[in-house]
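Notes follow once the structure below has been shown.
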Amino acid sequence: MRPFIYSRAADAPDAVRNAEAKQAHYLAGGTTLIDLMKLDVIRPDTLVDINPLRASLSKIELSGDRLTIGAFATMAEVAADETVRTAFPVIAQSLELAASPQIRNMATLGGNVLQRTRCTYFRDASYPCNKRAPGSGCSALHGVTRTHAVLGVSEHCIATYPGDFAQALIALDAQVELQGRAGSKTIPFKDLHRQPGDQPQIETSLESGDLITGFIIEGGPFKRSKYLKIRDRESYEFALSSVAIALTLDGDVAKDIRIALGGMATVPWRAVDAEKMLRGKPLSDAGIVEAATTAFAGARTTPNNEYKVRLGRQAIVRALREVRAMEI
Amino acid sequence: MSDPGGKGSASLSRRTFVSAAATIPVLAQSGGASAQKTPAVDPRAPLPISFKVNGEVRTANLDVRTSLLDALRETIGLTGTKKGCDHGQCGACTVLVNGRRVLSCLTLAVTIHDQDVTTIEGLAKGEQLHPMQQAFMEQDAFQCGYCTPGQIMSAVACVKEGHANSDTEIREYMSGNICRCAAYPNIVAAINQAKAATLSEG
C-alpha cells in the first residue's frame, strides 16, 4: 500500500475542507477502500477519516410517507431496523443478502452505494483497464466475462455495478443528500451513477469533496416489495442476477410497479420499459413474461455472459410472481 | 520452540528471532529545507495510537497503513487472530470492536483509537475457557485450526446478535467465516451447544 496522509474530520463541513487535496478519499467502513488500496487500484494521497460523523448521521426515521436514513448507518443497523423490515422489505433484504455479517457491521450506506466493480481486470493493476487507467483498453472485452454486464455497456467498459442496496434505492425513486464545497444539495439517486460511455473512469456525478450524508425515500411504505438475489453460493457472494420489486396492487391490477436489476448492468438499473408494459394492467403471468423479455431487449452480450439474459428474465418472472403472491 | 501460550516468554522462538533480525524502521525525516511556516506532513511518519485490547490499554506508534490485524499480530504480539486472505473475503481475521464483529484486515489501526478490541486471547477467564471455546473442542469443530479463532469470535457475536435461533440461521449468519477443512457441520453443532451459556455469560 502506498503511503498516505491521514486526517480525521470532526464534522461534515470539516470533512469537505480536509478533502481539498486532489487525491483525497473519504474513509468510513473501509470495506471497499482498504481492499482496493491493498491492490494498488486506488491510490489516495490523503485519507479523511469520517468515522467521527457516524454518531450524528446514522438516524433511521419514518415520518408519514417519508423514510430518511443517515448515510453513516451501517448495513447491519438498517437491515435489522424493524420499521425498515416491515415497511420497506426490499431495502432490508437488499442489505441482509449482501456481503457478510462482519462487513455489514463495518460498512456504511454512503460507502455501499459507491462500491466499485468486482471486474477482475479492474482489480488487477497489471491489466489494461479504461476505468483504472483511462485509454489503456478494456481487458474484459476479449477476456473472461462470466460476471460482466449486459446492460448499459460500451466498447470501452462492460464492468458490472455489483451493489444490491442501490437497486432498492433506484426502484423506490430515492434521493441522495450531499454536502459539498458549495453547501448541501439533494439529487435523485438515479442521477448519482453514470454509465461508462467513453469515460468509464467517471462513475458518478459527484464533484470533488462531495460527501453523501443521507437518503430519502418518499411515497412509502412499500410493504409489497422484495429483493431476490441469485448467485453461485447461497451466501456471501455477489449477484449473478438480482431483482428489486415494489408493487402496489388494486385487486389484480398493478397500480404501480417498480423493477430494478442487479448483476446485469454497469450502473443501478431501473427496468423502465418492463414497468411501462405492466403498469395499470392486471398482473398476469403472460404479461410478466413479456415484460421480463422486454427488460433485456437492449442487452449486449459476450459469449461468457449471454446466459445472463435468460437468467435475468427468469429472475424477473420469479420475483414478480412471488411479490404478487405476498400476503400483506 | 515457540510459546503456544503466547504469553510472551524470553526464550528464543522463530518469531522473536525473525522480528529482532528485521531492520527497525527509522522515523522518517521531514522533506528538505522548507520555507513554509508549518512543516509538510510526512505520510511515512508513524502516528501514535492507543486502544484497549482484551481490557488492557495498548499504545504504539504505527505507520498509518498498518491494519488492525497486523497491529495485533506484529506490534502487540497477539497472534491468535489469523491472516487468511487479507482482503476481507475469508473471516479468519474476525475480532470484536466495541462488541461488534469486524474484519481486522480491512480496518486501519489508526481508526481504532480509543476503542475496545476483543481477540480470541481475550475470551477465556484465566484458565477457564469460554463456553464457545469449550464447545468447539467438544464438538470437534476444527481440523487444521486456522479459521478457528475467527470462527469462535464470529460465533460469539452471532449468538449475541440473536442470529443463532436455528441451524439455517446459524449457517447464514456464519457465512462470513470460511473453513477449507469443511468443519461446518460441527461448527453449527458447537454453536448450538454453547449458545445458551454464551448469552447468559454476557
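Before moving on, here are some points about what is shown:
- The residue list A:Thr204, A:Ala239, A:Leu249 was ranked by how far each Cα lies along the charge dipole of the stretch A:189-260 toward its positive end, using unit charges on Cβ atoms, and A:Leu249 comes out on top.
- The charge dipole of the stretch A:146-229, taken about its Cα centre with unit charges on the Cβ atoms of Lys, Arg (+1), Asp and Glu (-1) only, comes to about 440 debye.
- Protein-only accessible surface at a 1.4 angstrom probe places the residues A:His193, A:His148 in the order A:His193, A:His148, largest first.
- Counting, for every residue in B:96-103, the Cβ atoms of other protein chains within 10 Å of its Cβ and taking the mean gives 5.
- Here the simple spin-label model places points 7 Å from the Cα toward Cβ, and for B:Asp114 and A:Ser126 these points are separated by 4.4 nm.
- Distance from the stretch A:107-123 to the stretch B:137-183 (C-alpha centre basis), Å: 27 Å
- Student exercise, the stretch B:35-115 dipole from Lys, Arg, Asp, Glu Cβ charges, in Debye to nearest 20: 140 debye
- R0 of 30 Å, Cβ-Cβ distance A:Asp191-A:Tyr307: FRET efficiency to nearest 0.05: 0.45
- Chain A: relative contact order as a whole-number percent, Cα under 8 Å and 6+ apart: 17 percent
- Among B:Leu106, A:Gly64, A:Phe122 the positive-end extreme of the charge dipole of the protein assembly as shown (Cβ point charges): A:Phe122
- What separates the Cα centres of the stretch A:283-328 and the stretch A:239-270 is a distance of 9 Å.
- Annotation note: trypsin sites (Lys or Arg not before Pro) in the stretch A:76-172 located in DSSP loop regions with a Cβ neighbour count of at most 15 within 10 Å are A:Arg118, A:Arg146.
- Cut-off 16 Å, label 7 Å out along Cα→Cβ of B:Lys52, residues of the stretch B:81-111 by amide N: B:96-101
- Of the GluC sites (Glu not before Pro) in the stretch A:128-220, the ones in a loop by DSSP (not H, G, I, E or B) with at most 14 other beta carbons within 10 Å are A:Glu155, A:Glu207, A:Glu218.
- Distance between the stretch A:1-70 and the stretch B:185-202 - C-alpha centres, whole angstrom: 36 Å
- Ranked order, A:Val272, A:Val113 - accessible area, probe 1.4 Å, largest first: A:Val272, A:Val113
- Length-normalised contact order of the stretch B:115-181 in % [C-alpha pairs under 8 Å, at least 6 apart]: 30 percent
- Residues of the stretch A:170-213: accessible area per residue with a 1.4 Å probe, Å²: 48 Å²
- Charging the Cβ of each Asp and Glu at -1 and of each Lys and Arg at +1, and nothing else, the dipole of chain A about its Cα centre rounds to 540 debye.
- Accessible area (Å², 1.4 Å probe, nearest 10) - B:Val41: 100 Å²
- Site pair A:Ala133 and A:Arg146 shows an inter-label distance of 2.6 nm when each label is modelled 7 Å from Cα along Cα→Cβ.
- The mean sequence distance of close C-alpha pairs (under 8 Å, at least 6 residues apart), as a share of the length of the stretch A:187-328, puts its relative contact order at 20 percent.
- Between B:Thr168 and A:Asp65, the simple label model (points 7 Å from Cα in the Cβ direction) yields a spacing of 3.5 nm.
- Solvent exposure, largest accessible area first (probe 1.4 Å, DNA, RNA and ligands not counted), of B:Tyr184, A:Tyr236: B:Tyr184, A:Tyr236
The values are calculated or read from the model by the stated rules, or taken from the named source; none is laboratory data. As the structure is a computational prediction, the values presented were derived from the model and not from experiment. Neighbour counts run over all protein chains shown; Cβ positions are idealised from the backbone, glycine included. Heads up: the accessible areas ignore ligands, DNA and RNA and are worked out on the full protein's heavy atoms, side chains in. Shrake-Rupley method; radii C 1.70, N 1.55, O 1.52, S 1.80 Å.
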